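What follows draws every value from the coordinates through simple rules; no lab data is involved. Just so it is clear, the model here is predicted, and its values are computed rather than measured. Cβ sites come from the backbone with ideal geometry, for glycine too, and all protein chains shown count toward neighbours.
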Amino acid sequence: MQYIKSILVFLMLSSFVEQIVPNKSYLPYLKIIIGCMLLIMIFQPLKLDSVDSIETIYEKIKENENDESNFYNKRNQNINIYQQEKYDKN
């Protein structure tokens with residue numbers, strides 16, 4: 001809830017600042033800065049802990065790929081065993 005309140009307060013303050021800017025030619029630059037600050041505020045809870053998190057994510061992806069390849073290898077082995085048993089019966 002505090003997260004949403006801080007974003008709303010920021011939006012209200014930024015609207016106020018936009019209204020009191022004396023020279024309207026600065027308004028586009030001000031909007032760019034406000035937009036960047038808003039994006040930073042929105043994505044702040046999603047921040048990663050630098051390289052450690054990226055390495056952890058990479059390791060999990062690799063583990064998932066290994067698990068998936070192991071699954072397909074076992075499935076293919078089972079199919080081969082089934083086909084061999086079927087062939088042996090005939």
Let's test the formula: R0 of 30 Å, r as the Cβ-Cβ distance of Tyr29 and Lys60. What FRET efficiency results, to the nearest 0.05?
0.15
GNM of the chain, Cα pairs under 10 angstrom: of Ile40, Ile79, Ile61, the biggest fluctuation goes to Ile79
